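Note sheet for the following structure.
The values are calculated or read from the model by the stated rules, or taken from the named source; none is laboratory data. What you see is a predicted model; the values in this text were computed from it and never measured. Positions of Cβ are backbone-derived with ideal geometry, glycine not excepted, and every protein chain shown enters the neighbour counts.
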Amino acid sequence: MNAPVTSFAPDADNTRLLRDAFGRFATGVTVVTAMSEDGPVGITANSFTSVSLDPPMVLWSPSKTSRRFPYFDAAQYYAIHVLGADQEELCWGFAKDAFALKDIDHDVSPEGVPLLRNTLARFECKQSAKFEGGDHRIILGEVIRAEMREGDGLAFFGGKHGTFTQA
């Protein structure tokens, strides 16, 4: 049996429907960190993707309406941390508090970027370009260092967290 289908033309009166439709795409969960004039900051984000192997590039897209946006828009260096299935607490910690790093042991890169420990993967980046993307900004970064470990990934789908398990 097929589930009912909801069809709509996205507009300002039905942004919840569009958000729900976007949520049908399962993603991993990341925390992006940077150093700011107010100290180390972080934000939970699922708008992350790889872009290029040569040169090594990734992108992510912070919301312009976020109170944290100015920190990340200005950051010349930042790190994107891919969270493991066992790191849901980190996800929620940074979703609630831009300054959650004050309570978390972390390292600092040579460029001064706060680095979370033991994430599934980490990409230390230098901002290379920014593009307008509606109510978000697309930030393209060149990966200058990376690390990874084995493990299952933290997933986000339909507004809920789950786990990507290796087959």
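Identify the residue in region 105-146 that is among the charged types (D, E, K, R) and in contact with a Ser or Thr (Cβ under 7 Å, 6 or more places away or on another chain) and, among all such residues, is nearest to VAL82 (Cα to Cα). For region 105-146, the residue satisfying everything is GLU124. Residue count for region 61-80, restricted to those that are free of Cβ contacts under 8 Å to residues at least 40 places away in the same chain, farther than 18 Å from PHE131 by Cβ and not in a helix (DSSP H, G or I): 2. Listed conditions (1) modelled with pLDDT of 95 or more; (2) in contact with a helix residue (DSSP H, G or I) (Cβ under 7 Å, 6 or more places away or on another chain) are all met by GLY93, apart from (1). Residue count for region 97-108, restricted to those that are surrounded by 14 or more Cβ atoms within 10 Å (Cβ to Cβ), in contact (Cβ under 8 Å) with a residue 60 or more places away in the chain and part of a helix (DSSP H, G or I): 1. Considered as a group, the residues in region 12-39 that are in contact with a helix residue (DSSP H, G or I) (Cβ under 9 Å, 6 or more places away or on another chain) and free of Cβ contacts under 8 Å to residues at least 40 places away in the same chain include one that is nearest to ALA79 (Cα to Cα), and that residue is SER36. Screening LEU83 with (1) in contact with a helix residue (DSSP H, G or I) (Cβ under 7 Å, 6 or more places away or on another chain); (2) without any contact (Cβ under 8 Å) to a residue 40 or more places away in the chain gives one miss only, at (2).
Does VAL82 count as under 14 Å from the mean Cα position of the chain (by Cα) and of a type outside the set (Gly, Ala, Ser)? Judged against the criteria, VAL82 is a match.
Run down SER50, SER7 and say which single residue is exposed (fewer than 14 other Cβ atoms within 10 Å of the Cβ), of a type outside the set (Phe, Trp, Tyr) and not in a loop (DSSP other than H, G, I, E, B). Steps first, answer last, please.
On the way: SER7 fails: not in a loop (DSSP other than H, G, I, E, B).
One residue alone meets the criteria, SER50.
Return the total of residues in region 109-128 being over 12 Å from VAL31 (Cα atoms), in contact (Cβ under 8 Å) with a residue 60 or more places away in the chain, of a type outside the set (S, T, N, Q) and not in a loop (DSSP other than H, G, I, E, B). So the count comes out to 1.
Against the test of being at negative phi, assigned to a strand (DSSP E or B) and surrounded by 15 or more Cβ atoms within 10 Å (Cβ to Cβ), the options PHE94, PHE131, PHE156 yield a single qualifying residue, PHE156. VAL58 meets the conditions (1) assigned to a helix (DSSP H, G or I); (2) at pLDDT 95 or above in every case but one. The failed one is (1).
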